[in-house]
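Structure, as structure tokens:
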Amino acid sequence: MIKQKPCILLMTRLETISLLFANTLTSFFGNRLDIIRNHMQERLHPSVYDEVDLILVSDTSLLHDQPAPPSDIPVLLARRTIDINKLDQLMDLTPGTRCLFVSNSIEMVEGAIELLFHLGFSHLTFVPYVPDTETPLPEKDQIDVAVCHGLRELIPGHFENVIELGHRPLDLTTIFDISRLLDLSPDKANLYTADFISDFVHIGRKLTNSVHNERKLNEKLSSILNAVHEGIIGTDATGNITVLNKEAEKILHITEATCIGRNVAEVIPEFLILEVVESHTEVTKQVLEFRDLYLLVTKIPTFLDDQFLGAVITFQDVTKVQQLEQEIRTKSANLGLMTKYSFDNIIGKSPSIQANKRVATKLAESDFTILITGENGTGKEVFAQAIHQHSTRRDGPFVPVNFAGLTESLVESELFGYEEGSFTGARKGGKMGLFELAHNGTIFLDEIGDAPLSIQASLLRVLQEKQVMRVGGYRVIPVNVRVIAATNCNLMEMVKKGTFREDLYYRLNVLPLHIQPLRDRPDDILVLIDYFLQKKKQRLSFSREVTEQLLRYDWPGNIRELENFIHYAVVIAEGNQVELSHLPERFFVGHVSTPPLLSNRNDTLEDTIRYLSRQGSLVDYAAILQVLSDCYKRQERIGRSALHARIESPTTLTEAQIRHKLTVLDRSGCVSIGVKKQGTQITAFGQQVLAALLIATKG
């Protein structure tokens, strides 16, 4: 049986801690994680480990009396934080107050005292005590107050003054470790930290009520500020900076000494502080771009007796969370979105191709959008991959998108993703889009001229705002993506006809790169032939007449056609010599001859159908072949526009999609495509494939 979701085993001493951990994990991961709870040191049966992918323990000693877990199951010690809402009870204590800190293990009590010291409570004297151990119990007159984390029953009865700090929840770093080990995206990390900051702001508001103790409170506040892993800036009523913590200095690359007393609008204009100073209203979870970072910013006004005091700005660098998400995305999807080509793979000695390589190398060094134009088969994607490989994004993903292969109904969900339940058939848990997958890398928009008008406005918004929103979702997701687009269409003509948006054209055509067709650079033909022969580890000799014919030929399919010709020549040539008689008919009369029957064997036929099924709907291919078969009976060839008009398919195909599918059929030997408007014809092998497809799609 295949496991549907990972499982975690929680091992704690108390059931209350076990429930606290379980509720926290459920709030993060929902029903994507199975949880087994073990508390009060109940003896585990070894078979439990068969279901478990990770063990989370509150104390490593809990494993001592249990069966040893298998070595391939990671064991994680829970790192825990503190409920900040409870800290104000300690803030009222005077320096030197003697506090008996009680817990159920020495590790737990020492860890809690260490955390409080880091939070700025070093002015208090903490005495650890664990009942039923060797830790001594001080006399009543030696202790001013007893402190505990949700274990009040452990405090000896003669200590009447008690501060209850509540059970310690899981630290965010433990959540990230669980997320990484189980490949579960920490989508709610921002909400978790936002709640933490909200608690902190709540304490900050309480502190302002104690004006007489302002200096001491500010010292404590500063300690807490610097213990938090979010940037925090405090301002007065005019927006001048009064507080700036260490994390803010680190994220923004500024110093407290140069910022205190200056206005936020002057130091960090991107934070738009006037939104709060003038309106006195909260602005929460605002994604702002600051230099090369994306920050999640919350701005909260503060008041005392209904008088506006200033604002508290909290922010975090969400690119860190996105990097973790990207790591999980790449690992879980195993997409292998890597480039295969560099500039070394672009072969040619003609002046135009050398100039293209020089220009493309310069373009790679910038981060602006590139538009590559050129006929089919000229190597536009090879250039796009080489540019990515030469850029600073080379370690990020390279995500290709071919608009000719996407139906209008699916293009939006493929590009931008969708949330669970957004439409019938939507995957459980939703799906990230290609722009999200390309985060911190490059997305290659091939055949951009075939992008439906309905999606062009959304593309423009992503290019401008660098944000996407999934279909059926409400959350704006920032993406850091370099866009390279390519087309064999004249986009300017399409703009004039109203089939392509003018604003999108100019947004794409920032850095243009045009690749000349092979017929305009004959110097590259023989060089490419040598390259393809070396690649195939073959040797061929061409007669002078053949060489002249190859140089005279127009090569409408460009480099792709030339490579296919080499495959053909290696198979058809007698010995190593290629003569005129070996050249296909198209080299003389300007059209493609009907390919010979590839094979009558069932395995070849089945392989072809499997190949077609991977390239799209078999129903669409059957519909195309049926029209071509009808034309063949009348000894007619048919052009793409006429084919589009006659085709009968449950799915409406555009001319661009028909062109793409004809290319697939041509590669598999099912059709022959003429040049210069000579139409397309079904082959004998294509008749066999059609018969098989009609049987396969009949039901």
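The values are calculated or read from the model by the stated rules, or taken from the named source; none is laboratory data. Bear in mind that the values here come from a model prediction, so they are computed numbers and not experimental data. Cβ atoms come from the backbone with ideal geometry, glycine included; neighbour counts cover every protein chain shown.
Tallying residues that are among the hydroxyl-bearing types (Ser, Thr, Tyr), closer than 20 Å to GLU107 by Cβ and touching a strand residue (DSSP E or B) at 6+ places or on another chain (Cβ under 8 Å) within the range 6-35 yields 2.
Only one entry in LEU551, LEU562 is over 19 Å from GLY374 (Cα atoms), in a helix (DSSP H, G or I), at pLDDT 85 or above and not acidic (Asp, Glu), namely LEU551. Filtered by the rule that a residue be within 39 Å of the chain's Cα centre (by Cα) and either outside any helix (DSSP H, G or I) or among the small types (Gly, Ala, Ser) (or both), the range 106-124 gives GLY111, ALA112, LEU119, GLY120.
Residues in the range 144-157 that are in contact (Cβ under 8 Å) with a residue 40 or more places away in the chain and farther than 19 Å from MET91 by Cβ were compared, and the one that is surrounded by the fewest Cβ atoms within 10 Å (Cβ to Cβ) is LEU154. Being aliphatic (A, V, I, L, M) and either assigned by TED's automatic domain parsing to the domain that holds THR654 or farther than 23 Å from VAL468 by Cα (or both) is a property that does not hold for ILE370. Among the candidates ASP367, ASP395, the residue that is within 23 Å of the chain's Cα centre (by Cα), surrounded by fewer than 23 Cβ atoms within 10 Å (Cβ to Cβ) and modelled with pLDDT of 90 or more is uniquely ASP367.
Looking at the range 354-361, can you tell me whether even one residue there is modelled with pLDDT of 90 or more, surrounded by 18 or more Cβ atoms within 10 Å (Cβ to Cβ), of a type in the set (D, E, K, R) and more than 20 Å from the chain's Cα centre (by Cα)? No, every residue in the range 354-361 fails to be modelled with pLDDT of 90 or more, surrounded by 18 or more Cβ atoms within 10 Å (Cβ to Cβ), of a type in the set (D, E, K, R) and more than 20 Å from the chain's Cα centre (by Cα).
Quick check: anything in the range 38-57 in a helix (DSSP H, G or I), touching a residue at least 40 places away in the same chain (Cβ under 8 Å), outside the structural domain of SER105 (by TED's automatic domain parsing) and within 21 Å of PRO169 (Cβ to Cβ)? Within the range 38-57 (the criterion being in a helix (DSSP H, G or I), touching a residue at least 40 places away in the same chain (Cβ under 8 Å), outside the structural domain of SER105 (by TED's automatic domain parsing) and within 21 Å of PRO169 (Cβ to Cβ)), the answer is no, since none of the residues qualifies. Among the residues making up the range 247-283, a single one is among the basic types (Lys, Arg) and modelled with pLDDT of 90 or more: ARG262.
Yes or no: ASP141 among the acidic types (Asp, Glu), assigned to a loop (DSSP other than H, G, I, E, B) and either touching a Phe, Trp or Tyr at 6+ places or on another chain (Cβ under 7 Å) or over 17 Å from ASP88 (Cα atoms) (or both)?
no
Scanning the range 160-183 for residues that are part of a loop (DSSP other than H, G, I, E, B) and surrounded by 19 or more Cβ atoms within 10 Å (Cβ to Cβ) yields LEU165, ARG168, PRO169. Candidates are the residues of the range 82-139 that are touching a residue at least 12 places away in the same chain (Cβ under 8 Å) and at positive phi; the one that is surrounded by the most Cβ atoms within 10 Å (Cβ to Cβ) is GLY120. Residue pairs whose Cβ atoms lie under 8 Å apart, sitting 6 or more positions apart in sequence or on different chains, and linking a residue in the range 510-523 that is more than 18 Å from SER366 (Cα to Cα) to a partner that is loosely packed, with under 14 Cβ neighbours inside 10 Å and aliphatic (A, V, I, L, M), are PRO522/LEU551. Here the strands (runs of 3 or more DSSP E) wholly within the range 231-304 that include at least 1 residues being surrounded by fewer than 18 Cβ atoms within 10 Å (Cβ to Cβ) and in contact with a Lys or Arg (Cβ under 9 Å, 6 or more places away or on another chain) are 283-290, 293-304. Filtering the range 370-392 to residues that are assigned to a loop (DSSP other than H, G, I, E, B) and surrounded by 22 or more Cβ atoms within 10 Å (Cβ to Cβ) leaves THR378, GLY379.
Is it true that some residue in the range 529-541 is without any contact (Cβ under 8 Å) to a residue 24 or more places away in the chain and within 37 Å of the chain's Cα centre (by Cα)?
Step one: filter the range 529-541 for residues without any contact (Cβ under 8 Å) to a residue 24 or more places away in the chain, giving 530, 534-535, 537.
Subsequent filtering for residues that are within 37 Å of the chain's Cα centre (by Cα) retains 535.
Yes, that holds for at least one residue.
For PHE343, indicate whether it is touching a Leu at 6+ places or on another chain (Cβ under 8 Å) and at pLDDT 75 or above. Full working, then the answer.
Working: touching a Leu at 6+ places or on another chain (Cβ under 8 Å): no; at pLDDT 75 or above: yes.
For PHE343, the condition - touching a Leu at 6+ places or on another chain (Cβ under 8 Å) and at pLDDT 75 or above - is not met.
Keeping to the range 598-642, report how many residues are modelled with pLDDT under 85 and over 45 Å from the mean Cα position of the chain (by Cα). Number of matching residues: 7. Checking each residue of the range 384-400 against the condition of being touching a residue at least 24 places away in the same chain (Cβ under 8 Å), within 22 Å of LEU653 (Cβ to Cβ) and among the aliphatic types (A, V, I, L, M) gives no match.
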